[in-house]
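Report on the structure given below.
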Amino acid sequence: MKNKKSQIKMFETIAVLLIFFVLIGFGLIFYGRIWGATIQDTEGENFELKAIQTAQLVSFLPELQCSSNNDDCFDILKVEALSKIINNIQNKNLKNEYYYDIFGFSSITIEQAYPSVVSWSIYNKTTEGTKAKSSINIPVSLYDPNLRKYNFGILTVDVYRK
Amino acid sequence: MRKNKKSQAEIVGLVIIVLLITIGLLFVVRFVVLRKPSDVKQTFVHSELASNMINVLLKTTTDCKKSDVTDLFQDCAAFKRIDCDGVDSCEMVNDTIEKILNNSLDKWNKQYEFRAYKSNDKEHPISSYGKCANNADRESATYAIPAEWETLFLQLDICS
C-alpha cells in the first residue's frame with residue numbers, strides 16, 4: 001500500500017517536471033521568434049540608414065557639385081561627364097571597384113523635371129536575388145553653365161539588399 | 001489541520017506561478033508587441049524633402065526673362081512690373097510651381113500642402129497647392145522672402 005502511494009507520488013513529480021519543461025520549451029520558442037523579429041527590424045533599420053548614407057554621399061560628391069554656390073546644386077556638364085565615364089565599358093574597373101566601394105549595390109539617377117524632362121543614369125549596379133529596395137528622392141538644382149540657368153532636378157537613389 | 005495547511009501552500013504556489021507568467025506576458029506585450037516601428041528614413045526624407053524642395057524651387061530660373069522663382073514672387077507681391085509675354089508674374093510663378101509639383105511630389109504620390117502668403121494676409125495666399133488631412137503628421141519648411149512692403153512666406157508641409 002505504502003509502495004503504491006510512493007509510486008503515485010513519483011508519477012506526480014514526473015508529471016510536474018514534464019509540464020515544467022514543456023512550459024520552458026514554449027517560452028524558448030516564443031522568445032526565439034520575438035528575437036528573430038527584432039533582429040529583422042534592426043536589419044531593416046540599418047538598411048534604411050545605408051540608403052540615407054548613400055543619398056548623402058551622392059549629394060556631396062565633388063564630381064557632381066556646382067563649383068560655386070554648391071548648396072543642393074549639381075553642374076549639368078559634370079553630371080553628363082560622370083554619367084559617360086562611369087557607364088563607359090572601358091572604365092569597368094572604375095565602376096566595379098572605386099564607385100562600388102562608395103555606393104555598393106545601388107542605382108543613382110538624376111532627372112531634370114523643369115523646364116524640360118531629361119534623365120541621366122549615373123551609376124547602376126544591381127545584384128541577383130535582391131530581397132529589398134529602398135528609394136530616396138531629393139530635389140536638387142541643376143546648373144546649366146552654358147545658359148547660366150538653374151533648372152529643377154531630382155536625385156533618385158535606390159539601394160538594394162541581398 | 002496539517003492537510004489544510006499543505007493545500008493552502010499549494011494554492012499560494014499556483015498564485016505565484018500565475019502572477020509570474022502574467023508579469024512576463026505584460027512585459028512582452030509592452031516592449032515587443034506594442035513597440036513602434038522605426039521611422040528614421042521617413043522623418044529624414046520628409047524633412048529633407050520639404051526644405052530642399054523650397055530651397056531648390058526658389059533658385060529655379062523660369063522661362064520669363066531669366067528671372068528666378070524668388071524674383072517672380074517678389075514682383076507678384078508688389079507692383080507686378082515683370083511682363084512675361086503678356087502674362088504677369090503671379091500667373092507665371094504659379095504656372096512654374098504647378099509644373100514642378102506635378103513632376104515631383106504628385107508623381108511620387110506624396111501628400112503635401114504648399115502655400116505662399118504675404119505676412120499681413122495669410123487668408124488669401126498668392127499660391128496654394130495640395131491639401132493634407134487635418135490630423136496628418138507633417139514635416140514642414142518655411143522660407144521668408146523680403147518683398148517691397150512686406151515679407152512673403154513660403155510654406156511646404158509634407159504629410160504622412
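Per-structure values
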{"read-out": "Packing-based exposure ordering (other Cβ within 10 Å, fewest first) of A:Ile102, B:Ile145", "value": "A:Ile102, B:Ile145"}
{"read-out": "Extension gain from A:Ser119 to A:Asn146, taking 0.36 nm per residue of separation minus the Cα-Cα distance", "value": "7.9 nm"}
{"read-out": "Listed residues A:Leu28, A:Leu18, A:Leu49, most fluctuating in chain A (Gaussian network, C-alpha, under 10 Å)", "value": "A:Leu18"}
{"read-out": "Order of B:Thr60, B:Thr151 - criterion: other Cβ atoms within 10 Å of each residue's Cβ, fewest first", "value": "B:Thr151, B:Thr60"}
{"read-out": "Number of partner chain Cβ atoms within 10 Å, mean per residue of B:98-109", "value": "3"}
{"read-out": "Shielding score for B:49-62, defined as the mean number of other chain Cβ atoms within 10 Å", "value": "6"}
{"read-out": "Stretchable slack from B:Val28 to B:Gln42, in nm (0.36 nm times residue separation minus alpha-carbon distance)", "value": "2.4 nm"}
{"read-out": "Alpha-carbon Debye profile of the range B:1-134, log10 I(q)/I(0) at 0.13 Å⁻¹", "value": "-0.72"}
{"read-out": "For peptides B:73-81, B:19-27, sequence by mean Cβ density within 10 Å, most packed first", "value": "B:73-81, B:19-27"}
{"read-out": "All-pairs alpha carbon distance profile, the range A:34-161, 5 Å steps from 0, percent", "value": "2, 10, 19, 21, 18, 13, 8, 4, 3, 1, 0, 0"}
{"read-out": "Helix-only [θ]222 nm of chain A, DSSP H runs n ≥ 4, -39500 (n - 2.57) each, per residue, nearest 500", "value": "-16000 deg cm²/dmol"}
{"read-out": "Average beta-carbon neighbours from other chains, 10 Å sphere, peptide A:146-156", "value": "4"}
{"read-out": "Residues whose placed amide H lies under 5 Å from that of B:Ile82, excluding near-sequence neighbours", "value": "B:Ser89"}
{"read-out": "Of the trypsin sites (Lys or Arg not before Pro) in the range B:106-160, those whose Cβ has at most 16 other Cβ within 10 Å and which sit in DSSP loop", "value": "B:Lys107, B:Lys122, B:Lys131"}
{"read-out": "Chain B: relative contact order in percent, alpha carbon pairs under 8 Å with at least 6 residues between", "value": "21 percent"}
{"read-out": "Charge context of B:Val69, other residues only, Cβ under 15 angstrom, K/R +1, D/E -1", "value": "-3"}
{"read-out": "Gyration tensor over alpha-carbon atoms, the protein assembly as shown, equivalent ellipsoid semi-axes in Å", "value": "62, 29, 12"}
{"read-out": "Pair B:Lys80, B:Asn135: separation of 7 Å Cα→Cβ label points (nm)", "value": "4.1 nm"}
{"read-out": "Relative contact order computed over the range B:9-89 (Cα-Cα under 8 Å; 6+ residues apart), in percent", "value": "13 percent"}
{"read-out": "Label point at A:Ser135 placed 7 Å out along Cα→Cβ; residues across the range B:96-110 whose backbone nitrogen lies under 15 Å", "value": "B:103-110"}
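The numbers here are math on the coordinates, done by the rules we state, and not lab data. Nothing here was measured: the structure is a model prediction, and the numbers come from that model. So basically every Cβ, Gly included, is an ideal-geometry build from the backbone, and we count neighbours across all protein chains shown.
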